[in-house]
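First up is the structure itself, then whatever we jot down about it.
The values are calculated or read from the model by the stated rules, or taken from the named source; none is laboratory data. All of these numbers come straight from a predicted model, not from anything done at the bench. Glycine also receives a Cβ, built like all others from the backbone with ideal geometry; neighbour counts cover every protein chain displayed. Remember, those area values only see protein heavy atoms, side chains included, never the ligands or the DNA or RNA. Shrake-Rupley method; radii C 1.70, N 1.55, O 1.52, S 1.80 Å.
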Amino acid sequence: MNLAYRQQLLPMEKVFRDPVHDYIYIQHQVILDLINTSEFQRLRRIKQLGTTSLTFHGAEHSRFGHCLGVYEITRRICDNFERNYPTQTPGDGGWDDHERLVALCAALLHDIGHGPYSHTFEHIFHTDHEALTVQILTSPETEVNQVLQQVSPDFPAQVAAVIQKTYPNPQVVQMISSQIDADRMDYLLRDSYFTGTNYGNFDLTRILRVMKPYQGGITFAMEGMHAVEDYIVSRFQMYMQVYFHPVSRSMEVILDRLLERANDLYQSHAVDAEATPVMLLPFFNNNFTLHDYLRLDDGVLNTYFSHWRDSRDQILADLATRFLDRRPLKSARVDATTQPLIPTLQKLIEQAGFDTHYYTDINDSYDLPYDAYDPKMKKPRTQIELQQKDGSLLELSTVSDLVRAITGKVSGDQRFFFPKEMLSKNAENDLFKPIYQEFQQYILNDRLVVPH
């Protein structure tokens, strides 16, 4: 182990000026070296919120800024734990500050495997950003791995274990990944700030103050319950008002179909030679390397979309134009009683000249605002524990009426997306006017309805 490098502090701490945290303090040489790697700098070119900036125009912030923010919150947690809850004897549940560096590196690098327009890209090309994060950390070909190796040969695997939630110390894992972790706390505050909304604001300073380590991970002092409640409600509001916004989801559907169409044309050898997306071919062929993946960012995809505007394939050209010029699909809420109407509506959309495979979608967005631990779940969540004065723990929903009211309640909706043209009211000379009129009988107040 290179103890000198592990413990090496910068002669003078460096700072990043941040709109959310004011200053982000860089104190360790290894953290500065990781920030300066090509893999980490690539995150400047990937938007944190993908298509959401087409709804909330301020949301142009990057994964780079978010990762720095998660690092900064984790650094503050470590400072609090070291000062107030240091371990005295092995196994006493206190904080061992030898864990600081692995926690800080995992916080900084937790999103390094995200691709362009991350979740849509993952869906189309079956990539897994978490698995790619681990690969970036552990592959000798990356600059990130070479920096981590300087700490010790097994250090990259230790940082990867935090990401994979297999690291032996649950305190470190829960700092980065739990129902109230540095990742979520930063993205709620950051996304709220950049979208110009207030839904995601909560009292970060108070939450960090009442956070405590214990043998099973991280707990919160009982007197901090209301700050934790506020965080849970903020998260709920951000999902309902921002992350599940129908226009953002609509643009995501267009993006999804655009990449799918390009892939379909390539597979059928119908793609224009001059518009062949060379950097996407490894993904179309389902045979990509880590190097191929790291070459991609939002700008690469947007450049191909600009080329595809002029494609001879009308569907590809139209979808590229809709995406670049922000022409979202429309949508209506669907429930169990109206879902059987969708084939009828798709038939009308087809009669109006649209290929329903590329121009319609049924899209679900659901989230649990808070979920108590259930070991029978496929991926059981870490519940939030409150610590009483005698040291005993209580699960949050057993003492908070507010949280109990939303625990286990799935929120969100299911929507049917379709071309905006189907709602046209001014189609006097349009051949499809009768089809539009028939279609519109099924839509009322943003919902599918059975026509009378």
antiparallel share of DSSP beta bridges within the chain, to nearest 5, in %, is 85 percent
Subtract the Cα-Cα distance of LEU281 and LYS409 from 0.36 nm times their separation in residues, and report this length gain in nm to one decimal.
-> 41.9 nm
Taking amide H positions as placed in the peptide plane 1.01 Å from N, state which residues far from ASP413 in sequence (5 or more) or on other chains have amide H under 5 Å from it.
-> SER365
Degrees, to the nearest 10: 225-238 long Cα axis against longest axis of the chain = 20 degrees
Taking every eigenvalue of the Cα gyration tensor of segment 121-215, multiplying by 5 and rooting it, what semi-axes result, largest first, whole Å?
-> 28, 20, 12
Over 24 Å (Cα to Cα) among LYS212/LYS389; LYS389/LYS409; LYS347/LYS420 -> LYS389/LYS409
With each pseudo-label sitting 7 Å past Cα toward Cβ, what's the ASP154-GLN351 distance in nm, one decimal?
-> 6.9 nm
Net lengthening on full extension, ASP18/GLU141 (0.36 nm per residue, minus Cα-Cα) = 41.2 nm
Give a residue-ordered list of calculated ³J(HN,Hα) values for segment 399-410 (Karplus: 6.51 cos²θ - 1.76 cosθ + 1.60, θ = phi - 60°; whole Hz; x for Gly, Pro).
-> 10, 10, 4, 4, 5, 4, 5, 10, 5, x, 8, 7
PRE zone check, label point 7 Å out along Cα-to-Cβ of SER424, amide N under 11 Å, scope segment 323-361, hits 352-353
Assigning unit charges at the beta carbon (Lys, Arg +1; Asp, Glu -1) and nothing else, what dipole magnitude in debye, to the nearest 20, does segment 1-150 show about its Cα centre?
-> 400 debye
Could you work out the mean projected area of the convex hull around the alpha carbons of segment 1-99, in square nanometres to one decimal?
-> 8.8 nm²
Residue-normalised value, i.e. accessible area per residue, for the chain at 1.4 Å probe, in Å², stands at 45 Å²
Between LYS433 and GLN41, with labels modelled 7 Å along Cα→Cβ, what's the label distance in nm to one decimal, could you check?
-> 6.0 nm
For ARG447, other-chain or 5+-apart residues with amide H closer than 5 Å (H placed, Pro excluded) are ARG333
Return P(r) of the chain (all Cα-Cα pairs; 10 Å bins starting at 0; whole %; ordered from short to long distances).
-> 4, 18, 26, 25, 16, 8, 3, 0, 0
Carbon plus sulfur fraction of accessible area for segment 139-193, probe 1.4 Å, in percent | 51 percent
Long-range amide H partners of ILE384 with built H, under 5 Å | LEU396
On a 0 to 90 degree scale, rounded to 10, what angle separates helix 314-324 from the longest Cα axis of the chain?
-> 50 degrees
Taking a point 7 angstrom from the Cα of GLN27 along the C-beta vector, which residues in segment 87-118 have backbone N less than 15 Å away?
-> 96-105
Quick note, segment 214-296: a/c under 1.5 would make it rounded; otherwise a/b > b/c is prolate and the rest oblate (a ≥ b ≥ c, C-alpha gyration tensor); here it is oblate
So, by mean Cβ neighbours within 10 angstrom, what's the order for 7-19, 162-174 with the highest one leading?
-> 162-174, 7-19
Length gained if HIS269 through ASP325 is fully extended, taking 0.36 nm per residue and subtracting the Cα-Cα distance, is 17.4 nm
Cα gyration tensor of segment 215-355, axes a ≥ b ≥ c as square roots of the eigenvalues: rounded (a/c below 1.5), prolate (a/b > b/c) or oblate?
-> oblate
Could you tell me what percent of the accessible area of segment 257-361 is made up of carbon and sulfur, with a 1.4 Å probe and every protein chain present?
-> 47 percent
Is segment 264-329 rounded, prolate or oblate when judged by the Cα gyration tensor, a ≥ b ≥ c being the square roots of its eigenvalues, rounded requiring a/c under 1.5 and prolate requiring a/b larger than b/c?
-> oblate
Mean projection area, nm², convex hull over Cα of segment 385-452 = 7.9 nm²
